[in-house]
Amino acid sequence: MIGRTVACFVLACALGACGFSEDPTPPDWTRVVAGEGYTCAITGDGTIKCSGDNQYGQLGAGDDVREATAFTNYDPATYTQLAGGRYHVCGLRADASLWCWGRNVEGELGVATETTLQRTAIQVPGRWIDVAAGATHTCAITDGHELECWGDNTYGNLGDGTTNSSKTPVMIGAAWKSVVAGYYSSCGIKDDGTTWCWGLNTYGAVGDGTTINRSAPVQVDETFTSLSLAWLHACGVRADGHLRCWGYNGNGQLGDGNVVPRSTPRAVGLDDAGWIKVSAGVRSTCGVRVDGTLSCWGADDVGQIGTSTAMSAVNTTPHDTPVTQVTDVALGGGHTCALATGGTEMVCGGSNGFGQLGDDKGGSALAPLMLDGTWDHLVAAGSTSTCARRDDGSLWCWGNNTYGQLGTDDSMSRQLPFQIATGEHRGIAVGALHTCELRGTQVWCWGYNVEYAAGDPSGGTRAPTLVASVTATQLSARYHTCAIPATQDGLQCWGRNSSGQLGRGDSATHTDITVINGGTTFSSIATGIAHTCATTAATGLSCWGDNAYGELGNGTNTASATAVPLATTGWSIVAAGALHTCGIRNGGMYCWGYNAAGQVGDGTLMAQNAPIAVGAETTWAYVSAGYIHTCATKLDHTLWCWGSNVRGQLGNGGGKDQGAPVQVGGADWDLVAAGDYHTCATKLDGTLWCWGANDSGQIGDGTAWHAGWIAR
């Protein structure tokens, strides 16, 4: 299912200029839609092909495959129209029937069922002429031109004058011609040509000159022949060919030359005529000119609009792309697909972490992939980013960099290892949104500084910054950071403290760093989402913080803002996942806490509030806990993982959760680091291997996104 050979095709090749060839009779494409991490399109014969994320069944595959990396037909029916929501899809068939599939938590599929996801198409009764899918709601127009909506209505996005959600269609009114839906708002054109919008209006997406949420349609001053509505902004093409956009503009997605939100329609670019179609995405927008040329603006940080060689997150005016003869275009969460050359081929670019580009090269890696270079047995995996040390002592990081957690002094994510600093790199701890490292005994941190997690009183930084009040020999980080001081006296912790995880006896926010558990020498430290555990030099183990799932391991579910020692001794190392903990005691593996995916490793899915043995072996050497999975090595250098495998993070080539350890590869592993949904490990020969989720580039193989256009 997942091809891993990196092969990039620029648009010139895709259009035949350098010998690109596919099937001599490729299918025509008539319609394309894009969601958060998936793409679906109607082929020339009316069937649907989809690729990408399938967590909620949005591909309509009828099974529990987590993601698909090539466009595949799952529904033999004939469709004339598609609407792609965040995690659900709806389509009109040739007989005017309406069918929906995917996420149904809020009733967005429009049927009276308690099922929260639907993996195959289910019919919404009635006859319909238009449909639009938002994040958690859907709107459609009947063949009698009546507008009906259903699903979540928190912000008035259904338009019935209330904020009451509905799992079945509710009538909005008559005389409607077309409808579009954004994440939490909707717009439509009436039969008389007037434009109306309603729902979430924080940044002016309703277009009525205010930022007040509207639970019923309000008229927009201008009239449009076609509309598109995305996350927090909308765009429309007027009858005279001029293009207008309004709403959120933080990435320049309104195309008016700045990043200021607008609560009324604004001219795009030079306000030239000749536009015939527009498609709004989460952070970008694309429009089609009368000659079929595709122009785009807004975020291009992962190449989703193919307009900026610098991959800028802000492009405030339209840029022409090399894509021509465009008949349709769709923008998802971070990718774009367009039907080019008169609809005879589809070209896509941008995010590919779920395989949404359909080129059979993206998606998660179910088995270990070797990264280039020789590495020096130091690797750390965070939520969606990774750092490791090469054999020359240099430090390299890759993955998500939205908050500067890679230390590159910018916010550009990297899908290949990127050198960030020189110096004596002795230790590294990658948290959820920030990173800390040891240079000698100095502590340097960078990234998001929520509740002082990066230890920076100035508010956080995208470049490594010295935490002057701490010298340390070991670090651990998630939403808070803990260090074993160089003095070997107690611990120092800073950052989030909502459950007492700093161990200071309270749950207050602190902007200073002080020593806790003074007089005790600690040998290892581990930080979960809201709890902390540490082993002592005397082989004891103590934990503190949240204990809702028994993650403190003391036989209770009572939280504690101070250290609670376990009665047992013999502990050599401890690791904390999101809500579970594992440790090695006298060579044996023990785990406890949250266990819904089998991450405790005892063969059950029951939470455990005291340590429980994982098998009978007493030859374990090292353990690392991810969000809901665990990996560990034995003295014989074998590697074993267990727990959630939804993104392939166990590395055993499958996608099923495992409630007991399964072996990964042979007997040549050294150190392992488990992230949220990915894992990396070094081997004895100095090679570095990663696997699992790659939607942010965290496995470092260069397939998380494609900066440009590839043909399908």
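The table for this structure:
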item: Residues being open to solvent by less than 40 Å² (accessible area, probe 1.4 Å) and under 32 Å from the mean Cα position of the chain (by Cα) - total across region 609-630; result: 8
item: Among residues of region 388-431, those that are buried (at least 21 other Cβ atoms within 10 Å of the Cβ) and of a type in the set (D, E, K, R), counted; result: 2
item: Among residues of region 101-128, those that are open to solvent by less than 20 Å² (accessible area, probe 1.4 Å) and not in a strand (DSSP E or B), counted; result: 6
item: Hits in region 315-342 (condition: in contact with a strand residue (DSSP E or B) (Cβ under 8 Å, 6 or more places away or on another chain) and of a type in the set (Val, Ile, Thr)); result: Thr316, Thr317, Thr321, Val323, Thr324, Val326, Thr327, Val329, Thr336
item: Given (1) farther than 30 Å from Ala421 by Cα; (2) at pLDDT below 95; (3) open to solvent by 10 Å² or more (accessible area, probe 1.4 Å), number of the condition Gly343 does not satisfy; result: (3)
item: Residue within region 321-332 that is under 11 Å from Leu254 (Cα atoms), more than 19 Å from the chain's Cα centre (by Cα) and assigned to a loop (DSSP other than H, G, I, E, B) present; result: no
item: Candidates Thr223, Thr264, Thr317 - the one that is farther than 22 Å from Arg31 by Cβ, open to solvent by 30 Å² or more (accessible area, probe 1.4 Å) and not in a loop (DSSP other than H, G, I, E, B); result: Thr264
item: Yes/no for Leu254 being hydrophobic (A, V, I, L, M, F, W, C), in a loop (DSSP other than H, G, I, E, B), over 21 Å from Arg31 (Cβ atoms) and open to solvent by less than 50 Å² (accessible area, probe 1.4 Å); result: yes
item: Residues located in region 42-59, provided they are part of a loop (DSSP other than H, G, I, E, B) and either in contact with a Pro (Cβ under 6 Å, 6 or more places away or on another chain) or under 23 Å from Glu345 (Cβ atoms) (or both); result: Gly44, Asp45, Gly46, Thr47, Leu59
item: Qualifying residue in region 378-387 (condition: assigned to a strand (DSSP E or B) and open to solvent by 30 Å² or more (accessible area, probe 1.4 Å)); result: no
item: Failed condition for Val600, given (1) over 30 Å from Gly545 (Cα atoms); (2) more than 22 Å from the chain's Cα centre (by Cα); (3) free of Cβ contacts under 8 Å to residues at least 60 places away in the same chain; result: (1)
item: Residues of region 604-615 satisfying the condition of being touching a residue at least 24 places away in the same chain (Cβ under 8 Å) and of a type in the set (A, V, I, L, M, F, W, C); result: Leu605, Ala607, Ala610, Ala613, Val614
item: Test result for Ala367, outside any loop (DSSP other than H, G, I, E, B) and surrounded by fewer than 19 Cβ atoms within 10 Å (Cβ to Cβ); result: yes
item: Residues located in region 433-459, provided they are touching a His at 6+ places or on another chain (Cβ under 8 Å) and open to solvent by less than 30 Å² (accessible area, probe 1.4 Å); result: Glu437, Leu438, Cys445, Trp446, Gly447, Asn449, Tyr452, Ala453, Ala454
item: Residues (within 16 Å of His531 (Cβ to Cβ), among the aliphatic types (A, V, I, L, M) and touching a strand residue (DSSP E or B) at 6+ places or on another chain (Cβ under 6 Å)) located in region 577-604; result: Leu579, Val600
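The values are calculated or read from the model by the stated rules, or taken from the named source; none is laboratory data. Note that the coordinates shown come from a computational prediction; the quantities given were computed from them, not determined experimentally. Neighbour counts are summed over all protein chains in view; Cβ atoms, including those assigned to glycine, are modelled from backbone coordinates with ideal geometry. When the accessible area is computed, the model is the full protein with side chains, heavy atoms only, and any ligands, DNA or RNA have been set aside. Shrake-Rupley method; radii C 1.70, N 1.55, O 1.52, S 1.80 Å.
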